[in-house]
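First the structure, in the form of structure tokens, and then the observations on it.
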Amino acid sequence: MTQKIVLLTSSTGPALERITQAFGPSASVTVVSDMKSLLASPVDADTSLISFGTGVIVPADLLASLSKPAYNLHAASPDFPGRDPHHFAIYRGAKTYGATLHLMTERVDDGAIVAVETFDVRPDATPDSLLADANQAALRLIERYGKRMLDREPLPPLPDMRWGPIKTRRSDLVRLGRVTPLTSFMEFERRRLACASTSHDNVTLELHGHVFRIDKAAPLDTGPNEFSEFTEAGFANILRQLKGAGYRFANYGARPTGPHVIWRHDVDVSMHRAVRLAEIERQEGVVATYFVNPRSSFYSIFEPAIEAMLRHIQSLGHEIGLHFDANAYGVKTWSEDALNAAVRREQALLETLLQSSIRALSWHNPDQSNLLDFVDHEIAGLFNAYSATLRRDYVYCSDSNGYWRFRPMSEVIAEGHERLHLLTHPDWWTPEGMSPSERIDRAVLGRARRLREDYDRRLALGGRRNVDGK
């Protein structure tokens, strides 16, 4: 007796031949690949409907008209129902994968599971290779159960075998491929690998109302450049040059004799960079004064994480000073009384937070008001990093704005001056060389990503949905 089959598939060539042979020599197979040809196919009480490898959803009324069970071969494990499962298996780090044979219902990947073929996911698997392996697993299922799929009685469901709770749609893959400047490096790598495809460019970036499709991923050129000196390694080299030249490291207010350096850092943008430099200094056995801005728009000393970093810097033997930001007050011309009052207010903020004394003061952007007119040794009881004494008796050098505005620090150190007053800004000293503008982007985006990750983490801890409406 001839078995009539409507085979809904996009398979061609050897794969299609394997499928048709699995039904036996008495099978009469009508191959269709789209909804139009499916609806045009003759179906009667003796027809079996089998689907494999298409995105066509069989209408409920067509299924209801069948007298024999209909089956679908899902090229994925039961844990991954829905569209594009191979992408999500890579994203979720699946260790095993496979193919699922199930009874077809009007709902996608919802019918009873009757057979599963699994395999171990290779460490170097990609979405494309995983799909290819899953298709092979599905073909093995067809070859094993092909003739039994033509019976009037359905194959028995596997006991305790259920579909996974997350059924994906094409819109979910679109969301998975959407990255933003706030996407962390690790999350970007997960998505880049999970969305990779030889036939589709799935990774997109939305910027200022425009969507850019990433058609390839190429690492940045991290070779030498004009800013290669401004790295963590370059920072350590400066410390070693100072030590090698016999300089002692002194705090503000000290009166050392012999060659010494007042080693200072103004933390303008990145407390994370400040911590890293403080750790390098600890390794090199030197101390510094870190001037912190309580009014910074780039970090907040009252954030628990930032406060913890300040305490860590102190624990490494360094001193915290006040980096006074006149712009926070909108004052262009300061009187002595007004300045002293403002400095004491900022000092109180830091001392209350850290429960330790603040002894030194530096100005933030002093040329934007008349702060450089105040040259006393102390301001409001704090040692003044811009005092007339320091300007007269010490040779000064700074990395302001991420480059040597006047002379490289290494040249100044090599000249052998007895007294040095050296300023660096932690923001400029990164693991790799990059332009000052890129360093600011790195710090700002790094902070924004951490804030975003904290938001996501808090939602997860509360068991709340993290809704992406796009």
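Read-outs throughout are calculated quantities, based only on the coordinates presented, and are distinct from any laboratory measurement. Because the structure is predicted, anything quoted here is derived from the model rather than measured. Quick reminder, even Gly has a Cβ in these numbers, built from the backbone with ideal geometry, and neighbours come from all protein chains shown.
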Just to confirm a number: summing +1 for Lys and Arg and -1 for Asp and Glu over residues other than residue 389 whose beta-carbon lies under 13 angstrom from that of residue 389, what do you get? +1
So if I take the centroid of the Cα atoms in region 117-149 and the same for region 44-104, what is the distance between those two points in Å? 13 Å
Taking neighbour Cβ counts within 10 Å as the exposure measure, how do 252, 290, 145 sort from fewest upward? 145, 252, 290
Note down the nm distance, to one decimal, between modelled labels 7 Å out along Cα→Cβ at residue 233 and at residue 411. 2.3 nm
Between beta-carbons, use under 12 Å as the cut-off and find the net charge around residue 137, counting Lys and Arg +1, Asp and Glu -1. -2
The answer for the longest stretch of the chain without any exposed GluC sites (Glu not before Pro) (DSSP loop, at most 14 further Cβ atoms within 10 Å) is 227-414
Under 25 Å, Cα to Cα: Lys pairs in the chain, sequence gap 8 or more or different chains: 8
With each run of n ≥ 4 DSSP H residues scored as -39500 (n - 2.57), what mean residue ellipticity at 222 nm is computed for the chain after dividing by its residue count and rounding to the nearest 500 deg cm²/dmol? -10500 deg cm²/dmol
Assuming a ≥ b ≥ c are the square roots of the Cα gyration tensor eigenvalues, decide whether region 169-216 counts as rounded (a/c under 1.5), prolate (otherwise, with a/b larger than b/c) or oblate. rounded
DSSP beta bridges in region 1-101 [antiparallel fraction, %, rounded to 5]: 10 percent
What distance in nm lies between label points placed 7 Å from Cα along the C-beta direction at residue 333 and residue 204? 5.7 nm
Rounded to whole Å, give me the distance from the Cα center of region 154-208 to that of region 351-424. 52 Å
With Cα coordinates, the longest principal axis of the chain makes an angle with the long axis of helix 304-315, in degrees rounded to 10, of 50 degrees
